[in-house]
Amino acid sequence: MLKVRIIPCLTIKDLRLVKSIQFSEHRNIGSYIAAVRVFNMRDVDEMMVLDLDATHTGIKPWLLQEITKECFMPLSLGGGIKTVEDISMLLRLGADKVVINTSAVNDPSFIDNASAQFGSQCIVVSIDAKLVNGEYHVFTNGGRKNTRLRAVVWAQEVTKRGAGEIFLTSIDRDGEMNGYDLSLVKSVSEAVTIPVIAGGGAGNMGDCLKVIQEGGASALSAGSIFQYTEVTPLAIKEHLAKNGIATRI
Amino acid sequence: MIAIVDYGMGNVGSVKNALEFLGATARVSNNQNDLKQASHIILPGVGAFGDGIKNLKKRGLISVLTHEVFERKKPFLGICLGMQLLATVGEEGGTHSGLGWIPGTVRQFEIDKTKFRVPHMGWNDVSPKPEATLFTDISSRIFYFVHSFILVSEEKGSVSATCEYGEVFIASIEKGNIFGVQFHPEKSQKSGLKLLTNFLHLRA
């Protein structure tokens, strides 16, 4: 039986591991390499690493290589990906999937080209959504730019264009640790047939259970809970398993 | 030296990282001489069937691969698309001829997509046959999959493991020195690294 995945998401800024709240107030929480090692040792299901500066500074191959050398779990890399050449380079460096966001909104045909060349399974489209006047709008550029696209409509379009997976983050809940935005997750996961990774808001194991049971997510991503609490990916999986959800333990 | 065939398809970096972690010398290459010198050949790959075959042809690799595997009996491992390309026919993006080493067809999952999201992405249980060479001494048989297409073959004797996702499908094949896995051993943590170790222990 296919297992629900628990995916630690690491964000890097100024070469440090950081954690944000609502996509701002980035707090330096230490060395990314130390975090990568810990998660590899803990045998996590999958990991996601996003270089938040890469949109401005360009992709840093050396940094990504440092990370991939330490990872024997599926690894998605993102930040600053603009061309199919970028994707090709990341796959050579040891990425299994790439995460694209702003470039996909700027030129949706990038998704078609990327999935045609590398296969849908390696193209993760990241959607950052925020509630604006009762509707979920898609934001790009690290949450700074409102595209006015509706999250559900955009999710359906990226699916049609060949995305293999959606990484859906609630900007409102990011770093708040007060639970996932269940209505956002539910609306998107019901609207598409590809896997949806829910992100933003995990504060305890109950939140994780809810986003799977009520939100319908295929996988969940979390950051703060692993940095600021004692909860481990394994503890979450055991909690899910106790509640009848298949996990890899 | 282990040759990882570079034909522009896929996560060659992560296969190389895993082999080097295991202490093997691995070379990502599309050079015929490297394939000739290699002790083992790995055909990795993620991507579309048609492009995969086209790229192998374009780089002139099919005849050297066939020679090294069938005449010199080198252990060969196809991973994901690399296994699917061994089929006779692939139905991804039109109908394409494959290498034909395993009689069979590569087709989409025929499952209810409202219940089973496609791609089949994540960790799933694999059921190997007791005699399956690559699964020796692997206790946790949960491996990482990422695919939308599956290999269907009537040659049951070559099927060494199955998996289930809405339908039962081939998770691995074994035919003499030819091995293939639908999942990604290079990304399946300890179980995957052990499977690769078992492959590295084979001799031509």
**Prompt:** How many percent of DSSP beta bridges within region B:2-200 run antiparallel, rounded to 5?
**Reply:** 60
**Request:** Could you please state, rounded to a whole Å, how far the C-alpha centre of region A:58-96 is from the C-alpha centre of region B:56-70?
**Result:** 29
**Prompt:** With each label point set 7 Å from Cα along the Cα-Cβ vector, what nm distance links residue B:73 and residue A:243?
**Reply:** 5.5
**Fill in**
Computed from the beta carbon distance with a Förster radius of 51 Å, FRET efficiency for residue B:91 and residue A:41 to the nearest 0.05 stands at 0.80
**Complete:** So, with points 7 Å from each Cα along the Cβ direction, the residue B:108-residue B:167 label distance in nm works out to 1.2
**Fill in**
Cβ density ranking, 10 Å radius, fewest first, applied to A:107, A:207 yields A:107, A:207
**Message:** If I take R0 = 35 Å and measure r between the Cβ atoms of residue A:135 and residue A:84 in this structure, what FRET efficiency does the formula 1/(1 + (r/R0)^6) give, to the nearest 0.05?
**Reply:** 0.60
**Request:** Quick one: compute a quarter of the convex hull surface over the Cα atoms of chain A and quote it in nm².
**Result:** 11.8
**Asked** With each pseudo-label sitting 7 Å past Cα toward Cβ, what's the residue B:116-residue A:150 distance in nm, one decimal?
**Response** 3.2
**Complete:** Each residue of B:11-21 has, on average, a number of other protein chain C-beta atoms within 10 Å of its C-beta equal to 6
**Prompt:** Do any of B:16/B:74; B:36/B:58; A:60/B:190; A:160/A:186 go past 22 Å between their Cα atoms, and which?
**Reply:** A:60/B:190
**Item:** For region A:1-132, alpha-carbon Rg relative to the globular expectation (2.2 N^0.38 Å, N residues)
**Value:** 1.03
**Asked** For residue A:19, which aspartates and glutamates qualify as cross-link partners when the Cα separation must be under 18 Å and same-chain residues fewer than eight apart are set aside?
**Response** A:51, A:53, A:128, A:172, A:174, A:176, A:230
**Cα-based equivalent ellipsoid of the protein assembly as shown: semi-axis lengths in Å, sorted from largest, via gyration tensor** = 36, 22, 22
**Asked** Using the Cα gyration tensor of region B:94-204, with a ≥ b ≥ c the square roots of its eigenvalues, what is the shape: rounded (a/c below 1.5), prolate (a/b larger than b/c) or oblate (neither)?
**Response** oblate
**Residue among A:90, A:17, A:131 with the largest mean-square fluctuation in a Gaussian network model of chain A, springs linking Cα atoms under 10 Å** = A:131
**Item:** Candidates B:99, B:86, B:22: whichever shows maximal mean-square fluctuation once chain B is modelled as a Gaussian network with Cα springs under 10 Å
**Value:** B:22
**Request:** Return A:224, A:126, B:63, B:172 ranked ascending by Cβ neighbour count within 10 Å, so the fewest neighbours appear first.
**Result:** B:63, A:224, A:126, B:172
**Item:** Residues A:232, A:140 arranged by fewest to most Cβ contacts within 10 Å
**Value:** A:232, A:140
**Prompt:** Mean 1/r over all different Cα pairs, inverted: what Kirkwood radius does region B:70-133 give, in Å?
**Reply:** 14.3
**Message:** Rounded, prolate or oblate for region B:1-66? Axes are the square roots of the Cα gyration tensor eigenvalues, ordered a ≥ b ≥ c, and the cut-off for rounded is a/c under 1.5.
**Reply:** oblate
**Message:** Explain nothing, just compute: Karplus ³J(HN,Hα) = 6.51 cos²θ - 1.76 cosθ + 1.60, θ = phi - 60°, for every residue of region A:192-203 in order, whole Hz, x for Gly and Pro.
**Reply:** 10, 10, 9, x, 10, 9, 8, x, x, x, 4, x
**Fill in**
A correct Karplus calculation of ³J(HN,Hα) over region A:95-104, with 6.51 cos²θ - 1.76 cosθ + 1.60, θ = phi - 60°, whole Hz and x for Gly and Pro, returns 6, 9, 9, 10, 10, 10, 9, 4, 5, 5
**Prompt:** For chain B, modelled as a GNM with alpha-carbon contacts under 10 angstrom, which of B:128, B:44, B:119 fluctuates the most?
**Reply:** B:119
**Prompt:** Rounded to the nearest 5, what % of the DSSP beta bridges within the protein assembly as shown are antiparallel ones?
**Reply:** 45
**Item:** Gap separating the Cα centres of region A:186-219 and region B:150-177, nearest whole Å
**Value:** 32
**Message:** Averaged across orientations, what area in nm² does the convex hull of the alpha carbons in chain B project?
**Reply:** 10.2
**Message:** Could you tell me which residue out of B:12, A:83, B:46 lies farthest along the dipole of the protein assembly as shown toward its positive end? Charges go on the beta carbon: Lys and Arg +1, Asp and Glu -1, centred on the Cα centre.
**Reply:** B:12
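Rule-based calculations on the coordinates, nothing more; no lab input. Everything numeric here is computed off the predicted structure, so don't read it as measured data. So basically every Cβ, Gly included, is an ideal-geometry build from the backbone, and we count neighbours across all protein chains shown.
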